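Chemist: Before I ask anything, let me first share the structure, which is written out below as structure tokens.
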Amino acid sequence: MSWDIIEGATSYQLEINDVKSSTTSNSVVLDNLLVGSNSIKITPVSTADLVVNGDSKSILINKLKNPSNLTYSNGTLSWETISGATSYTININGDEYTTNTNSYTYNEFIVGDNSISIVANDNNVAISSDAYNAVITKLATPTNLQLNGNTLSWGAIEGASSYSLFINDV
């Protein structure tokens, strides 16, 4: 967050959710905001003789709740809808995508671990949520299919706890 430099100010008194601090810069990183409403008050301060400290400016900033409850089914990632979110940013293995709903169709997972991060955004005055991070593991495709009489066998898949067998899509 930044603000215009105030002529004559040698520092700024900050009060964020009743926690006071000061800075000589005209900006501050808002990395410890609470989900919901956050009160921010900025007062210019001068150490010069015959200079009166400026009036305070207060604002309320809303921080969105973090996405949660990620699921993946039939090629679609979905998660809990976040009140106030106008879009979501999804990062999958370093590639970034945006959607205006709480779901995203994706079928390009690699075999092994896939890193996923989802952030709820508000294009108005709210601060984006913190990232919801998850890992989805894609199992390899069975290989070495062999039919011996009435017995179908294949090579074991690392990480598989069971197998589903479909005959004629049934």
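Chemist: Report the gain in length on full extension from Asp4 to Thr98: 0.36 nm times residue separation, minus Cα-Cα distance, nm rounded to one decimal. Intermediate values should be presented prior to the final figure.
Modeler: On the way: separation 94, 0.36 × 94 = 33.84 nm, distance 3.16 nm.
In short, 30.7 nm is gained.
Chemist: Excluding Lys41 itself, what net charge comes from residues whose Cβ is under 15 Å from its Cβ, given Lys and Arg +1 and Asp and Glu -1?
Modeler: Numbers: positive: Lys20, Lys57; negative: Glu15, Asp18, Asp55.
The answer is -1.
Chemist: Which lysines have a Cα lying under 24 Å from the Cα of Lys57, excluding residues fewer than 8 positions away in the same chain?
Modeler: Lys20, Lys41
Chemist: Treating the beta-carbon of each Lys and Arg as +1 and of each Asp and Glu as -1, no other charges, what is the dipole magnitude of the chain about its Cα centre, to the nearest 20 debye?
Modeler: Details: 6 positive and 16 negative charges, 61 e Å.
With only Lys, Arg, Asp and Glu charged at Cβ, the dipole is about 300 debye.
Chemist: With a Förster radius of 35 Å, plug the Cβ-Cβ distance of Val28 and Ser73 into 1/(1 + (r/R0)^6) and report the FRET value to the nearest 0.05.
Modeler: Efficiency, rounded to the nearest 0.05: 0.25.
Chemist: Could you point to the residue in Gly36, Ala48, Ser78 farthest towards the positive end of the stretch 3-128's charge dipole, with +1 and -1 charges on the Cβ of Lys/Arg and Asp/Glu respectively?
Modeler: Gly36
Chemist: By how many nm would the segment from Asn144 to Lys41 lengthen if fully extended, with 0.36 nm per residue of separation less the alpha-carbon distance? Could you put the intermediate results ahead of the total?
Modeler: Details: separation 103, 0.36 × 103 = 37.08 nm, distance 6.67 nm.
Length gained, Asn144 through Lys41: 30.4 nm.
Chemist: Next up: What is the local net charge at Ile92, summed over the other residues whose Cβ is closer than 12 Å to its Cβ (Lys, Arg +1; Asp, Glu -1)? List each step's numbers first, then the result.
Modeler: Working: positive: Lys138; negative: Asp95, Glu96, Glu108, Asp113.
Within the 12 Å Cβ shell, the charges total -3.
A short reminder: the numbers here are calculations on the coordinates, not readings from a lab. What you see is a predicted model, and the numbers here were worked out from it, not measured in a lab. Here Cβ is always computed from backbone atoms with ideal geometry, including for glycine, and neighbour counts include all displayed protein chains.
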